[in-house]
Amino acid sequence: MNPQIYELGDSALTIEFGNEINDSVHEEVMRRFYQFQSFPLPGTLDLIPAYASLTIVFDLGVVASRFQGLAGMKSLIETKLAESFSAVIPEGRLHEIPCLYEGPDLVAVAKSCGLSETEVIQIHSEKIYHVYFLGFLPGFAYMGLTDERITVSRKEKPMTIQAGDIGLAGNQTGIYPSTSPGGWQIIGRTNSIPHFRAGDRVRFIPVTT
Amino acid sequence: MKLIKKGLLDTWLSLPIYGLQHEGIPPGGAMDTFSLQIANALVGNDLYDKALEMHFPSGIYQFETSTLLAICGADFTACIDHVEVPMNQPIKVPPGAILSCKKPVSGQRTYIAIRPLTDEQVSRVKILPWSMNPENVFTDEPIRILCGREWDQIKACSQQLFLSKAFSISPTSNRMGYQLIQEPLKTLSASTMLSTAVTAGTIQLLPSGQLVVLMAGHQTTGGYPRFAHVISADLPRLAQKGPGDSLRFTLTDPTTAEYEWILEQNYLQQVRNVCALKLSQHRFDHH
C-alpha cells in the first residue's frame, strides 16, 4: 500500500503506512521515523510513531510563512518518501523483565480464556514482544502481539492501576509506568520498568517472591 | 514569592515543550498561550519563561522582593493588598505585597507573570502607565474547526447539527479535554481504527456519539475517530471557556487557519517589541 498523507489539524501531518498491526508495516514506520529524525523537515517539533503511522508536528509559523504551509510540507514529504532511505535502523534492545504473576485479574483472565492460571503465565511469558510505540502515559509502551489464546477485552470500568502493573488488552500487553486509572486486565507486576523506545523487544521472566 | 494559601490548581507553566512525544511525553504547557505571552511581554520576560496559571479559587501569594508583575487572561478581580488592580498592565509591587483574587468575573484561567526588580527598591504599589488590551482575540465568535480524518464517519444530518447548534461544556472537563454536552452524533460505520497521534484541538468522537475536545494536557496518542480539529489560533479563546459556557463551531479551511495563526504571532511579536521599548524608556526615566 502506498503511504497516505493527511492533515491532523492545522499544524501536523500523519503518514499512514497501513491499517493493521503488522511488523513489516511498523518497520517502515520506524525507518521513516529515523529518516525524518536524521534529516528533519523544516519546522519539525515532534515525530510521533504509532502502530502503522508516523505523525510530524510542525511549527505552524515556520511552515506557513516560509514553506506554503502544510500543503507545501505534504509535497516535500512525498518527495522524501519516494527516495529510499537505506540507513541502518538502530536495532531495538531486548529487555528481560522479571514478572510476578499475581495480578488481581489473573484468575478472571484465565477463566475467560478457558485456561488455567499456569497456562496464561506460560503463554504470556514465552513470547518476545515488540514495542510499537509509547503513548497514553509518559513511558507507557504498547507491546504485542500476544498469543490469540490470551486475548481479552478491556474492563468495562477503568480502575486505579499501580505503577509496575502488567496488563493485557486485546492482543496487546503493557506495563503501567505510573499509577493511573486504566482499563487493562492486570495479570502481574514488576519493579523493573526500563526506558523503552519504539522498536525495542521485551520478554517477561516469571519470578516468585 | 511565598505561598500563603493554596489555590485549586495553580501551576507554573510555559509555552508547550515539544520534542518528546515519541516517548509518550506530551508538550503540555499553558492552556491559554496567548494570555501567557502577553503577561510575559508586559514584564519583559523571555518568550519561554513560565508564568503562574491560576484557576478559581486561586491561591494567595506574598512577594518577598520588589517585583514587576502583570495579570492576563481570566478576570478574577485580582487584588494587591486587598486593592483591586488593573489587568493587562505592568504593576510594581513592594516586598511584602500580597496578591489575591476576589471573585471570578470572566474566563477560566488567569496568568501572573513576574520579574524580580533587582536594581530597584519599590516602596508602594505602582501601576505603570501602559496596557495591552487583547479584547479582539477573546470574542464570542464561533470556534473555527477543520474537518478531521474521520469527519465523514458522521451522518450528514449530524454534521449539520454540529455546525448549527450551541454546545455547553461539561463540568467533568479539565486541562486534558473538554467534554461537550450534546445529543449523541449518529455515526455511519463503527469502523475501528488503530491508535495514532493526536494534538491539542483534536475533537474525538467517543463510541457513545459524544465529543471531547483535547486541550493542553492531552495524551500523545489516541484510538478514537478524529472528527475535527480546532484551529491553533482559536485554542486560547477556547481555553478561557469553562463548564456551563456555550460554544458554537464553524468550518474553516487550512489557509485561513495558517493566516490567523500568523496574524496572532505577528501581534504577539509587536506586543513584545512595544513592551520592551516602554520598559526600557521607563527604566531610563527612573534612573
- Message: Which one, A:L106, A:L76, A:L145, has the greatest fluctuation when you compute a Gaussian network model over chain A with C-alpha springs under 10 angstrom?
- Response: A:L76
- Per the 1/(1 + (r/R0)^6) rule, R0 = 60 Å and r from the Cβ atoms of B:L9 and A:S86, FRET efficiency to 0.05 is 0.75
- Relative contact order %, the range A:4-82, counting alpha carbon pairs below 8 Å whose residues are six or more apart: 31
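Mean shadow of the range B:143-252, computed from the convex hull of its alpha carbons, in nm²?
On the way: hull surface 24.2 nm².
The Cα convex hull of the range B:143-252, projected and averaged over all directions, gives 6.0 nm².
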- When the Cα centres of the range B:204-239 and the range A:10-71 are compared, how far apart do they sit, in Å? 19
- Message: With bins 5 Å wide starting at 0, give me the P(r) of chain B over every alpha carbon pair, in whole percents.
- Response: 1, 5, 11, 16, 17, 15, 12, 9, 6, 4, 2, 1, 1, 0, 0
- Message: Need one number for the range B:189-287: average projected area of the convex hull over its C-alpha atoms, nm².
- Response: 9.7
- Message: Which of B:A74, B:A97, B:A41 ends up with the largest GNM mean-square fluctuation for chain B, with Cα atoms connected below 10 Å?
- Response: B:A97
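Quick one: dipole size for the protein assembly as shown, taken about the Cα centre, charges +1 on Lys/Arg Cβ and -1 on Asp/Glu Cβ, in debye to the nearest 20. Could the numbers behind the result be given before it?
Working: 40 positive and 48 negative charges, 199 e Å.
Using only the charged Cβ atoms, the result is roughly 960 debye.
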- Task: Please give the calculated 222 nm ellipticity per residue for the protein assembly as shown, where each DSSP H segment of at least 4 residues contributes -39500 (n - 2.57) and the sum is spread over every residue; nearest 500 deg cm²/dmol?
- Result: -7000 deg cm²/dmol
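Specify, per residue and in Å³, the volume enclosed by the convex hull of the alpha carbon atoms belonging to the protein assembly as shown.
Value for the protein assembly as shown: 167 Å³ per residue.
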- The helix A:69-82 Cα axis meets the longest alpha-carbon principal axis of chain A at an angle in degrees, between 0 and 90 and rounded to 10, of 70
- Listed residues B:E258, B:E84, B:E135; largest mean-square fluctuation, Gaussian network over chain B with Cα springs below 10 Å, found at B:E135
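Counting Lys +1, Arg +1, Asp -1, Glu -1, what net charge surrounds A:A169 among other residues with beta carbon under 13 Å of its beta carbon? List each step's numbers first, then the result.
Details: positive: A:R154, A:K155; negative: A:D105, A:E156, A:D165.
My count for the surroundings of A:A169 gives -1.
Within the set of other residues whose C-beta is less than 13 Å from the C-beta of A:R31, count the net charge using Lys and Arg as +1 and Asp and Glu as -1. Write out the running numbers ahead of the final one.
Numbers: positive: A:R32, A:K80; negative: A:D23, A:E27, A:E28, A:E83, A:E91.
With Lys, Arg at +1 and Asp, Glu at -1, the net is -3.
For B:H55, A:H124, what ranking results if the residue with the fewest other Cβ atoms within 10 Å of its Cβ goes first? Show your work: numbers first, answer last.
Details: B:H55 21, A:H124 24.
So the residues, fewest neighbours to most, are B:H55, A:H124.
Cross-link list B:K50/B:K278; B:K103/B:K278; B:K50/B:K241; B:K126/B:K241; B:K155/B:K241; B:K5/B:K102: which exceed 24 angstrom alpha carbon to alpha carbon? Working shown, then result.
On the way: B:K50/B:K278 21 Å; B:K103/B:K278 31 Å; B:K50/B:K241 22 Å; B:K126/B:K241 31 Å; B:K155/B:K241 28 Å; B:K5/B:K102 13 Å.
Violating the 24 Å limit, Cα to Cα: B:K103/B:K278; B:K126/B:K241; B:K155/B:K241.
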- Query: Considering the alpha-carbon set of the range A:4-82 alone, what are its Rg and its Dmax in angstrom?
  - Reply: 12.0, 38
- Volume per residue, Å³, of the convex hull around the alpha-carbon atoms of the range B:93-160? 200
- When the Kirkwood radius is taken over all Cα pairs of chain A, what Stokes-Einstein diffusion coefficient follows at 4 °C and 1.567 mPa s, in µm²/s? 70
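So how much slack lies between A:T79 and A:E102, counting 0.36 nm per residue of separation and subtracting their Cα-Cα distance, in nm? Please report the intermediate quantities before stating the final value.
Values: separation 23, 0.36 × 23 = 8.28 nm, distance 5.13 nm.
Value of the extension gain: 3.1 nm.
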- Task: Would you work out if the range A:130-209 is rounded, prolate or oblate? Take a ≥ b ≥ c from the square roots of the eigenvalues of the alpha-carbon gyration tensor; rounded if a/c is under 1.5, else prolate when a/b is larger than b/c, oblate otherwise.
- Result: rounded
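Coordinate-derived values only; no laboratory data. Predicted, not measured: the structure shown is a model, and the values here were computed from it. Virtual Cβ from ideal backbone geometry, glycine too; neighbours counted across all protein chains shown.
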